Amino acid sequence: MMFQHDEPVLELTDEQSWKLLENTKHGRIVLTAAGETDIFPINYLAHDGRLLMRSAPGTKLAEVTINENVVFETDGIASDEAWSVVIKGTARVLQSGDEIEAAEKLGLKSWIPTLKDFYIELKPVQLSGRHFILGDQPER
């Protein structure tokens, strides 16, 4: 078991949550613009207290530039345990050559064979993580 606890749900510390973020490469980002909310599966890299993802031109990139406020979630499920980390934060498209060069050195690859020339950085404002022990509902 990843975390030891007696209760079915454990609130994770920021440090525990970051360890999970750093060891996971996929999640979902929620973006809202012009009254529409969208969710996108993404692969990402956790680095230096931030998340980095890549994007091609399209809805995701457009929505980030319209509204920087985002929600991100990643999770994991095993036979007897599960966990979830949620970040509320701000996202921006990296613009400067130095930032883009530093991002490229981190080696974040796209999962699918498409050109994703833009880097999006997510800066957390609020972080929450939970670990769950799975099992049947208890008797009343």
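The values are calculated or read from the model by the stated rules, or taken from the named source; none is laboratory data. Given the structure is predicted, the values throughout are model-derived calculations rather than measurements. Methodologically, a virtual Cβ is constructed for each residue, glycine included, from the backbone with ideal geometry; neighbour enumeration extends over all protein chains shown.
Being assigned to a strand (DSSP E or B) and among the charged types (D, E, K, R): is that true of residue 6 here?
no
Could you list, in sequence order, the residues of region 89-102 that are surrounded by 15 or more Cβ atoms within 10 Å (Cβ to Cβ) and closer than 15 Å to residue 30 by Cβ?
Hits for region 89-102 are 89, 91.
Quick check on my filter: what residues within region 102-112 are part of a loop (DSSP other than H, G, I, E, B), touching a residue at least 12 places away in the same chain (Cβ under 8 Å) and among the hydrophobic types (A, V, I, L, M, F, W, C)?
Answer for region 102-112, where residues must be part of a loop (DSSP other than H, G, I, E, B), touching a residue at least 12 places away in the same chain (Cβ under 8 Å) and among the hydrophobic types (A, V, I, L, M, F, W, C): 106, 108, 111.
Of the residues 68, 15, 73, which is out of contact with any strand residue (DSSP E or B) (no Cβ under 7 Å at 6 or more places or on another chain), of a type in the set (D, E, K, R) and at negative phi?
Criteria check complete, one pass: 15.
Which one of these does residue 105 not meet: (1) surrounded by fewer than 14 Cβ atoms within 10 Å (Cβ to Cβ); (2) under 18 Å from the mean Cα position of the chain (by Cα); (3) more than 17 Å from residue 42 (Cα to Cα)?
Just one mismatch for residue 105, condition (2).
Looking at residue 63, is it closer than 24 Å to residue 33 by Cβ, part of a helix (DSSP H, G or I) and of a type in the set (D, E, K, R)?
Spelling it out, residue 63 is indeed closer than 24 Å to residue 33 by Cβ, part of a helix (DSSP H, G or I) and of a type in the set (D, E, K, R).
To keep it simple, each residue is scored yes or no on (1) aromatic (Phe, Trp, Tyr); (2) more than 14 Å from residue 18 (Cα to Cα); (3) in contact (Cβ under 8 Å) with a residue 40 or more places away in the chain.
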{"residue": "63", "(1), (2), (3)": "no, yes, no"}
{"residue": "70", "(1), (2), (3)": "no, yes, yes"}
{"residue": "83", "(1), (2), (3)": "yes, no, yes"}
{"residue": "93", "(1), (2), (3)": "no, yes, no"}
{"residue": "100", "(1), (2), (3)": "no, yes, no"}
{"residue": "114", "(1), (2), (3)": "no, yes, yes"}
{"residue": "124", "(1), (2), (3)": "no, no, yes"}
{"residue": "131", "(1), (2), (3)": "no, no, yes"}
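Suppose we filter region 66-81 for residues that are part of a strand (DSSP E or B), at pLDDT 95 or above and more than 20 Å from residue 43 (Cβ to Cβ); how many remain?
Counting residues in region 66-81 that are part of a strand (DSSP E or B), at pLDDT 95 or above and more than 20 Å from residue 43 (Cβ to Cβ) gives 1.
Among the residues of region 107-140, count how many are over 17 Å from residue 25 (Cα atoms), of a type in the set (S, T, N, Q) and modelled with pLDDT under 85.
2
Collect the residues in region 13-32 that are more than 16 Å from residue 88 (Cα to Cα), over 11 Å from the mean Cα position of the chain (by Cα) and surrounded by 12 or more Cβ atoms within 10 Å (Cβ to Cβ), keeping them in residue-number order.
Within region 13-32, 16, 19 meet the criteria.
Taking residue 21 as the residue in question, decide whether it is within 24 Å of residue 126 (Cβ to Cβ), touching a residue at least 40 places away in the same chain (Cβ under 8 Å) and assigned to a helix (DSSP H, G or I).
yes
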